[in-house]
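Only one structure is covered here, and it is reproduced in the block below.
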Amino acid sequence: MRLSRFFMPILKENPKEAEIVSHRLMLRTGMIKQNSSGIYTWLPLGKRVLDKVNAIIREEQNRSGAVELSMPTLQSAELWQESGRYDAYGKEMLRIRDRQDRPMLYGPTNEEMITDVFRSYVKSYKDLPLNLYHIQLKFRDEIRPRFGTMRSREFMMKDAYSFDLNREGAEHAYNRMFAAYLRTFSRMGLRAIPMRADTGPIGGNLSHEFIILAETGESEVFCHKDFLGFDIPTEDTNFDDVAGLKAIFDKWTSRYAATSEMHDEAAFAAVAEGDKLSARGIEVGHIFYFGTKYSEAMGAKVQGPDGKEHTVHMGSYGIGPTRLVPAIIEASHDENGIIWPDSVAPFNASVINMKAGDAACDAACETIYAALTKAGIDTLYDDTDDRAGTKFATADLIGVPVQVIAGPRSIAAGEVEIKDRKTGARETMSIEAAINKLTASK
Ligand code: 5CA
């Protein structure tokens with residue numbers, strides 16, 4: 001992408017309304033724009049990050065055996081009347097009427113709708129287990145939307161729903177998502193700790209929130225330090241291995257970890273003083289097993305191997321992509337701006353032409369830009385006529401992991417400088433060596 005043709009409205013001043021660093025940086029770098037309270041446009045730079053976050057989520061959901069579909073944002077109230085949640089949900093639900101005066105709502109979650117999809121088609125245990133997911137916008141009329149897309153009213157959610165013949169099957173489905181979540185967050189450079197959690201309006205009694213420790217987090221959390229060192233399930237994890245996944249679950253629930261709603265003072269007091277972590281955290285995912293709560297109310301049954309009808313056991317599993325983006329920034333920034341992990345960076349490299357218009361600089365930058373692009377590296381080429389200082393500041397601010405810097409003096413010597421955004425380390429090398437270095441890992 002040539003910066004001169006991109007749309008990246010960088011703000012010169014720090015936006016005053018932003019209370020936390022991720023919100024400030026997302027506004028400054030032109031990743032998001034607020035349209036109304038808790039409702040945001042994802043501008044091109046932000047959209048690129050969000051797409052990469054979603055791609056990782058999708059890969060790990062698919063790896064675990066979940067199947068993607070897409071459900072609408074607007075739902076008929078009828079389904080929610082069936083489950084009994086239409087009245088129970090309260091003011092967070094945005095209720096709408098269509099021209100026929102039929103009650104509709106903008107979905108805050110999709111348990112009812114997916115149960116309806118399921119009961120329309122699935123009649124036999126032979127079609128189980130099944131886990132269906134989508135990545136879709138939700139709306140919750142939060143009392144206090146704040147911190148940008150961290151807690152917004154319209155937000156994106158990956159929501160998956162599992163269906164099994166019995167509790168045993170449902171527990172395996174839960175463990176599948178549990179392991180997939182550990183992998184998902186780790187691939188974004190985050191250490192998420194699963195914590196016993198309250199189930200709120202979703203229901204059930206087995207539930208974990210996946211929490212990133214961060215000073216600016218909204219949740220108060222208590223856990224054992226060992227979580228910081230536990231191994232993440234590997235890429236070759238067998239998601240059909242019931243005992244293997246149970247072992248992962250057991251390991252990751254073997255130490256104390258709870259959100260404030262579920263906090264047990266006495267149990268926490270038993271943790272050795274030096275092992276206690278009492279901190280703040282950001283909830284990036286939340287998984288629930290709620291048995292037959294929806295399937296019972298809505299008649300989702302299958303014929304079992306015994307020939308009898310069985311009400312299916314369900315769970316639901318949420319991740320908040322539009323919250324993950326600021327959570328990653330909270331975990332990875334410095335005084336100059338964002339430091340993106342390569343896996344979610346909007347661009348993986350930037351080429352900085354210190355003197356656009358200088359024939360030698362232009363030619364060298366075009367060569368590098370073309371070679372990196374050809375190798376499949378998302379590259380931002382700063383071909384604008386801004387001052388070099390401005391270009392450096394912008395590159396640091398938007399946090400692209402590697403910068404290739406070309407100025408008239410270095411180009412005359414056939415060289416460029418490579419700067420690592422995270423460490424600040426700089427290396428000078430030939431143009432060819434720079435191209436080789438950056439494309440080697442691709
Ligand atoms: N149906 C279940 C799981 S699919 C559910 O709705 N779970 S939830 O309420 O815990 O939401 C799932 C995830 O969505 C949360 O972990 C969080 O990452 C994200 N999320 C929830 N509310 C918001 C919000 N107001 N703004 C941004 N993200 C949110």
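Taking residues in the stretch 143-154 that are touching a residue at least 12 places away in the same chain (Cβ under 8 Å) and polar (S, T, N, Q), and partners anywhere that are within 7 Å of the ligand (Cβ to nearest atom) and in a strand (DSSP E or B), the pairs with Cβ atoms closer than 9 Å and at least 6 places apart or on different chains are THR149/PHE155.
Of the candidates PHE178, PHE185, PHE230, the single residue that is of a type in the set (A, V, I, L, M, F, W, C), within 16 Å of the ligand (Cβ to nearest atom) and touching a Lys or Arg at 6+ places or on another chain (Cβ under 8 Å) is PHE185.
Could you identify the single residue in ILE114, ILE135 that is surrounded by 17 or more Cβ atoms within 10 Å (Cβ to Cβ), within 12 Å of the ligand (Cβ to nearest atom) and assigned to a helix (DSSP H, G or I)? Walk me through it before giving the result.
Details: ILE135 fails: assigned to a helix (DSSP H, G or I).
One residue alone meets the criteria, ILE114.
May I ask you to say which residue of MET195, MET150, MET157 is in contact with a helix residue (DSSP H, G or I) (Cβ under 6 Å, 6 or more places away or on another chain) and of a type outside the set (Lys, Arg)?
MET150
The C-beta contact set for the stretch 374-389 (first residue among the small types (Gly, Ala, Ser), second residue assigned to a loop (DSSP other than H, G, I, E, B), distance under 6 angstrom, 6+ apart or interchain) comprises ALA375/LYS442; GLY376/LYS442; ALA388/MET354.
Among the candidates PHE249, PHE239, which residue alone is out of contact with any Gly (no Cβ under 7 Å at 6 or more places or on another chain) and more than 16 Å from the ligand (Cβ to nearest atom)?
PHE249
Of all residues in the stretch 200-215, those that are more than 20 Å from ILE20 (Cβ to Cβ) and open to solvent by less than 20 Å² (accessible area, probe 1.4 Å) have Cβ atoms under 6 Å from Cβ atoms of residues that are of a type in the set (D, E, K, R) and not in a strand (DSSP E or B), 6 or more apart or on another chain, in GLY203/LYS293. Would you confirm whether any residue within the stretch 298-312 is touching a helix residue (DSSP H, G or I) at 6+ places or on another chain (Cβ under 8 Å), more than 8 Å from the ligand (Cβ to nearest atom) and under 30 Å from LEU213 (Cβ atoms)? No; the residues of the stretch 298-312 include none that is touching a helix residue (DSSP H, G or I) at 6+ places or on another chain (Cβ under 8 Å), more than 8 Å from the ligand (Cβ to nearest atom) and under 30 Å from LEU213 (Cβ atoms). Selection within the stretch 42-97: residues that are of a type in the set (D, E, K, R) and in a strand (DSSP E or B). The member of this set that is nearest to SER295 (Cα to Cα) is GLU68.
Scanning the stretch 273-288 for residues that are of a type outside the set (A, V, I, L, M, F, W, C) and within 11 Å of the ligand (Cβ to nearest atom), we see that the one that is farthest from TYR174 (Cα to Cα) is GLU283.
Filter the stretch 246-278 for residues that are in contact with a strand residue (DSSP E or B) (Cβ under 7 Å, 6 or more places away or on another chain) and of a type in the set (A, V, I, L, M, F, W, C) and give the result. TRP252, ALA257, ALA258, MET262, PHE268, VAL271, LEU277 - these are the residues of the stretch 246-278 that are in contact with a strand residue (DSSP E or B) (Cβ under 7 Å, 6 or more places away or on another chain) and of a type in the set (A, V, I, L, M, F, W, C).
Among residues of the stretch 311-322 that are touching a residue at least 24 places away in the same chain (Cβ under 8 Å), those with a beta-carbon under 7 Å from a residue that is of a type in the set (Ser, Thr, Tyr) and near the ligand (Cβ under 8 Å from one of its atoms) at least six positions away or on a different chain give the pairs MET314/TYR161; SER316/TYR161; THR322/THR149; THR322/SER152. Taken together, PRO326, PRO346, PRO341 contain a single residue that is within 25 Å of the chain's Cα centre (by Cα) and within 16 Å of the ligand (Cβ to nearest atom), which is PRO326.
Residues in the stretch 331-349 that are in a strand (DSSP E or B) and touching a Ser or Thr at 6+ places or on another chain (Cβ under 9 Å): HIS333, GLY337, ILE338, ALA349.
Against the condition assigned by TED's automatic domain parsing to the domain that holds ARG95 and more than 9 Å from the ligand (Cβ to nearest atom), how does GLY200 come out, does it pass?
Numbers: assigned by TED's automatic domain parsing to the domain that holds ARG95: yes; more than 9 Å from the ligand (Cβ to nearest atom): no.
In short, no.
Evaluated against (1) in contact (Cβ under 8 Å) with a residue 60 or more places away in the chain; (2) more than 16 Å from the ligand (Cβ to nearest atom); (3) hydrophobic (A, V, I, L, M, F, W, C), CYS223 falls short on exactly one condition, (1).
Scan the stretch 165-173 and give yes if some residue there is of a type in the set (A, V, I, L, M) and assigned to a strand (DSSP E or B), otherwise no. Break it down stepwise before answering.
Here is the first cut: in the stretch 165-173, the residues of a type in the set (A, V, I, L, M) are 165, 170, 173.
In the following step, the residues that additionally are assigned to a strand (DSSP E or B) were identified as none.
Scanning the stretch 165-173 turns up no residue that is of a type in the set (A, V, I, L, M) and assigned to a strand (DSSP E or B).
Hey, does the stretch 17-37 have a residue that's among the small types (Gly, Ala, Ser), under 30 Å from GLU235 (Cβ atoms), open to solvent by less than 20 Å² (accessible area, probe 1.4 Å) and not in a helix (DSSP H, G or I)? Scanning the stretch 17-37 turns up no residue that is among the small types (Gly, Ala, Ser), under 30 Å from GLU235 (Cβ atoms), open to solvent by less than 20 Å² (accessible area, probe 1.4 Å) and not in a helix (DSSP H, G or I). Residue-level check: of (1) surrounded by fewer than 22 Cβ atoms within 10 Å (Cβ to Cβ); (2) within 22 Å of ILE10 (Cα to Cα); (3) hydroxyl-bearing (Ser, Thr, Tyr), SER430 misses just (2).
Taking the listed residues SER83, SER70, SER37, SER76, the one that is polar (S, T, N, Q), on the phi < 0 side of the Ramachandran plot, in contact (Cβ under 8 Å) with a residue 12 or more places away in the chain and touching a Phe, Trp or Tyr at 6+ places or on another chain (Cβ under 6 Å) is SER83, with no other qualifying.
The values are calculated or read from the model by the stated rules, or taken from the named source; none is laboratory data. None of the values given here were measured: they were computed from a predicted structure. Cβ: placed from backbone, ideal geometry, glycine included. Neighbour counts: every protein chain shown. Side chains are part of the model used for accessible areas, which takes the heavy atoms of the whole protein and leaves out ligands, DNA and RNA. Shrake-Rupley method; radii C 1.70, N 1.55, O 1.52, S 1.80 Å.
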